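Single-structure report; data block below.
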Amino acid sequence: MKYICADKQGTVKRIILSLFFCVIVLSLYSQVIKGTVYDSKTREGIPGVVIYLDGTSFFTTSDNDGKFQLFIENKINTKLVFSHLSYENLVIEKSYEHRGEAFFLKEKMNFIDPAIVVAEYDPLSRAEKLKIFKEFFLGTSVAANACVILNEDDIKLRYDYLTDILHAWAYNPLIVENRYLGYRITIDIQDFQVRYTYISTATSFSTATSFSYQITSFFEDQNMYNDITIINRRNEIYERSREFFWLSIINKQRNSKFIIYNRFTQITNIYDYFLVSEDPVQKVKAVFIIPDTDLNRKHNDVNGNVFGVISILANKRYNSEVIFMTNRFFVDLFGNVGTDSNIIYKGDMAQQRVGDMLPRDFFYDPHQVTRRRR
C-alpha cells in the first residue's frame with residue numbers, strides 16, 4: 001500500500017480541483033453538434049458526408065454508420081451544412097438547436113446539363129464567360145488574383161441572351177486555393193448571376209449592371225508555420241471588415257480604424273444610438289437601436305421600414321453604408337451578425353468576394369501585426 005504525505009495530498013487535491021474546474025469551463029463554453037445522417041429513402045446511414053458550419057474552419061465527416069460529432073469552442077452565427085456528392089445539400093438555419101438528432105438527405109436526381117442540351121445563341125466563348133465568372137466570384141484584389149480554382153472544369157456557364165444574364169453553377173464543390181491568405185476553401189454554389197445591359201467583347205465585359213451569388217463554404221488553414229506575412233495580410237483585410245466593426249461595438253472598445261457618420265455628421269458616441277446587452281440564452285450579444293434617435297431613417301433606395309442608416313469610413317479610405325431594416329439583431333463573439341438579421345450593406349463591406357473572404361471564426365491578434373512601411 002502506498003501512502004501520500006499531507007503536502008503531496010494537498011497538491012493532488014489542487015490538481016484534481018483544477019482539472020474539474022477546466023472540465024466545467026469547457027462544458028460551459030464549448031458547443032457540440034452531433035447526430036446521424038441517413039438516406040431519406042433507405043433510412044440507412046450515409047458515410048462520408050461533410051458536415052460544416054458555413055464560412056468557418058469547423059467541419060467533420062460522418063463515419064461508416066452516418067454518425068458525426070462537431071465540436072465548437074464558441075457559438076457562431078452561421079448555418080449548418082451537410083454536403084455529399086451523391087446527395088442534395090441540406091442547410092440548417094439554427095445550427096445549435098440540433099443535438100443527437102437524425103438528418104435525412106435526398107439523393108440527387110439524374111440531371112441533364114442545360115449548358116450542353118439547350119441550343120441557343122451565345123455570343124461568348126467559355127474562356128470569356130470564365131473570365132467574367134472569376135472577376136465577380138473571386139474579385140479583382142491582390143488576394144483574388146492569387147486564388148486558383150483547382151477543379152475549374154467543374155464550373156458550368158451559360159449566358160441567356162434573352163435576359164442578358166450569365167449563370168454559373170457546379171455539381172461538385174469548388175476547391176479554391178487562396179495562396180495570398182493561406183487558405184484552401186471548399187465552396188458549394190447555390191446561385192450565381194451577372195446581368196448585363198449589353199454583351200460585347202469590345203467593351204471587355206464592363207457593362208454589368210447587377211450581380212448576386214449564394215454559396216456555402218468551409219476553410220482549411222494552410223499557414224501551418226505561422227508565416228507573419230500571411231498573418232499581416234489576413235489582419236489587414238479583417239481591419240476593414242464588418243465583423244471587426246461589430247466586434248468593437250459589442251465589446252465597447254473605441255476603434256480608431258472606423259469613423260462613423262450619421263448623414264454627414266461624425267458620431268462621437270455610437271452608444272447614443274445603440275444599446276448592447278448580454279443574451280444568456282443565445283450566448284451572444286444583443287444590439288438594439290435606441291428608439292426615437294435621429295439615425296437618418298430615410299433611404300431612397302430601400303423599400304420598407306428603415307430603422308436607421310449609418311456610414312462607415314474604414315482605415316481612412318474604405319467607405320461603406322449600413323441600412324437597418326430591423327431594430328434588434330444578435331452578434332456573436334467573432335463579430336458575426338445573425339444570418340436572419342435584416343441588415344443591408346453597401347460599399348466596401350458589401351463588395352467582398354471569395355478572394356478576400358476570411359473564416360467566420362477568424363481570430364484577430366493585433367499584436368502579431370508588424371509595423372508596415374509607408
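The values are calculated or read from the model by the stated rules, or taken from the named source; none is laboratory data. These numbers come from a predicted model, not from an experiment. Heads up, the Cβs are rebuilt from the backbone with ideal geometry, glycines too, and the neighbour counts pull from every protein chain shown.
What to note about this one:
- When Thr293, Thr209, Thr268 are screened for being β-branched (Val, Ile, Thr), exposed (fewer than 11 other Cβ atoms within 10 Å of the Cβ), modelled with pLDDT under 90 and not in a helix (DSSP H, G or I), only Thr209 passes.
- Of Asn342, Asn305, all but one fail to be surrounded by fewer than 17 Cβ atoms within 10 Å (Cβ to Cβ) and in contact with a strand residue (DSSP E or B) (Cβ under 9 Å, 6 or more places away or on another chain); the exception is Asn342.
- Neighbours by Cβ (under 7 Å, 6+ apart or cross-chain): first from the range 196-224, of a type in the set (A, V, I, L, M, F, W, C); second at pLDDT below 75: Ala208/Tyr196
- Scan the range 157-186 for residues that are closer than 21 Å to Thr140 by Cα and either in a strand (DSSP E or B) or in contact with a Phe, Trp or Tyr (Cβ under 6 Å, 6 or more places away or on another chain) (or both) and the total you get is 15.
- Count - residues of the range 195-206 that are modelled with pLDDT under 70 and either polar (S, T, N, Q) or in a strand (DSSP E or B) (or both): 6
- Boolean, Ile51 is of a type in the set (A, V, I, L, M, F, W, C) and at pLDDT 95 or above: yes
- Val276 surrounded by 19 or more Cβ atoms within 10 Å (Cβ to Cβ) and in a strand (DSSP E or B): no
- Any hit, the range 268-275, residues being touching a residue at least 24 places away in the same chain (Cβ under 8 Å), out of contact with any Lys or Arg (no Cβ under 7 Å at 6 or more places or on another chain) and within 18 Å of Leu247 (Cβ to Cβ): yes
- Against the test of being surrounded by fewer than 18 Cβ atoms within 10 Å (Cβ to Cβ) and aliphatic (A, V, I, L, M), the options Leu150, Leu157, Leu181, Leu174 yield a single qualifying residue, Leu150.
- There is at least one residue in the range 224-235 that is in a helix (DSSP H, G or I), buried (at least 18 other Cβ atoms within 10 Å of the Cβ), out of contact with any strand residue (DSSP E or B) (no Cβ under 8 Å at 6 or more places or on another chain) and among the polar types (S, T, N, Q).
- Identity of the residue in the range 276-308, in contact (Cβ under 8 Å) with a residue 24 or more places away in the chain and of a type in the set (Val, Ile, Thr), that ends up farthest from Lys75 (Cα to Cα): Val302
- Inside the range 127-141, residues that are surrounded by 13 or more Cβ atoms within 10 Å (Cβ to Cβ) and either hydrophobic (A, V, I, L, M, F, W, C) or touching an Asp or Glu at 6+ places or on another chain (Cβ under 7 Å) (or both) make up a count of 8.
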